[in-house]
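Below is one structure, written out as structure tokens; comments come after it.
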Amino acid sequence: MPKSDQGVHTDRYMVIPRTLIFLTRGEEVLLIKGAPTKRLWANRYNGLGGHIERGEDVLSAARRELKEEAGLESADLRLTGSVMVDASDKVGICLFVFRGEVSGGELRESPEGSLEWIRLDRLDAYPQVEDLKYFLPHVLKERPGNAPFSARSYYDENDRQVMEFID
């Protein structure tokens, strides 16, 4: 199929692709505390990840982000879900959520923030990005062979985030 048949029109809703990665180790999850200088999520905990660059596939982008933000070259990454985030009337975010287990390796922090293994039963004691409480339970119940979850995130008339998971 030629490019002209792809139906790309700038008047249609478009998305920015991103990855979100949660690594687990027993009863702990690796999170990044956003650097205090970050414009978004400063001093808040989140999974690792970021933008998918032109020319990258989703898994390669997740692996690159993992290396950039944590210094880890390999993890058993599995796609656990996708989320369409309605960020504006014309542009949204397509978030690809991954999970992996780590049995070793040396973490390396980055300018993005500091890394910390956090016990799942202590997670509520940490300042988190708003949507972590929605994603993490779905990610943690993922098992190899399960179908990935699908979700939609949007903002209501009071600018509060609403998350809908599709079964």
### Query
Does Glu106 satisfy the condition of being over 22 Å from Gly34 (Cα atoms), among the charged types (D, E, K, R) and modelled with pLDDT under 95?
no
### Query
Restricting the first residue to region 119-148 and requiring it to be free of Cβ contacts under 8 Å to residues at least 12 places away in the same chain and within 22 Å of Asp76 (Cβ to Cβ), which pairs with a second residue that is outside any helix (DSSP H, G or I) and charged (D, E, K, R) meet a Cβ separation below 6 Å and a spacing of at least six or different chains?
none
### Query
Which one is surrounded by the most Cβ atoms within 10 Å (Cβ to Cβ) among residues in region 119-146 that are hydrophobic (A, V, I, L, M, F, W, C) and under 18 Å from Leu95 (Cβ atoms)?
Phe135
### Task
Tell me, yes or no, whether region 7-15 has at least one residue that is crowded, with 17+ Cβ neighbours inside 10 Å, in a strand (DSSP E or B), in contact with a strand residue (DSSP E or B) (Cβ under 6 Å, 6 or more places away or on another chain) and not charged (D, E, K, R).
no
### Task
Test Leu31 against the criterion of being surrounded by 12 or more Cβ atoms within 10 Å (Cβ to Cβ), hydrophobic (A, V, I, L, M, F, W, C) and in a loop (DSSP other than H, G, I, E, B), and give yes or no.
no
### Summary
Of the residues in region 1-25 that are closer than 21 Å to Glu56 by Cβ and of a type in the set (Val, Ile, Thr), the one that is modelled with the lowest pLDDT is Val8
### Message
Quick check on my filter: what residues within region 118-141 are assigned to a helix (DSSP H, G or I), more than 15 Å from the chain's Cα centre (by Cα) and either farther than 14 Å from Asn46 by Cα or not charged (D, E, K, R) (or both)?
### Response
Leu120, Asp121, Arg122, Leu123, Ala125
### Task
Look through region 60-117, keep the residues that are acidic (Asp, Glu) and part of a loop (DSSP other than H, G, I, E, B), and return whichever of them is farthest from Trp41 (Cα to Cα).
Asp76
### Summary
Thr80 meets each of (1) hydroxyl-bearing (Ser, Thr, Tyr); (2) free of Cβ contacts under 8 Å to residues at least 12 places away in the same chain; (3) within 22 Å of Tyr154 (Cα to Cα) with one exception, condition (2)
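The values are calculated or read from the model by the stated rules, or taken from the named source; none is laboratory data. If you're wondering where the values come from, they're calculated on a predicted model, not measured in any experiment. Note: ideal-geometry Cβ built from the backbone for every residue, glycine included; neighbour counts use all protein chains shown.
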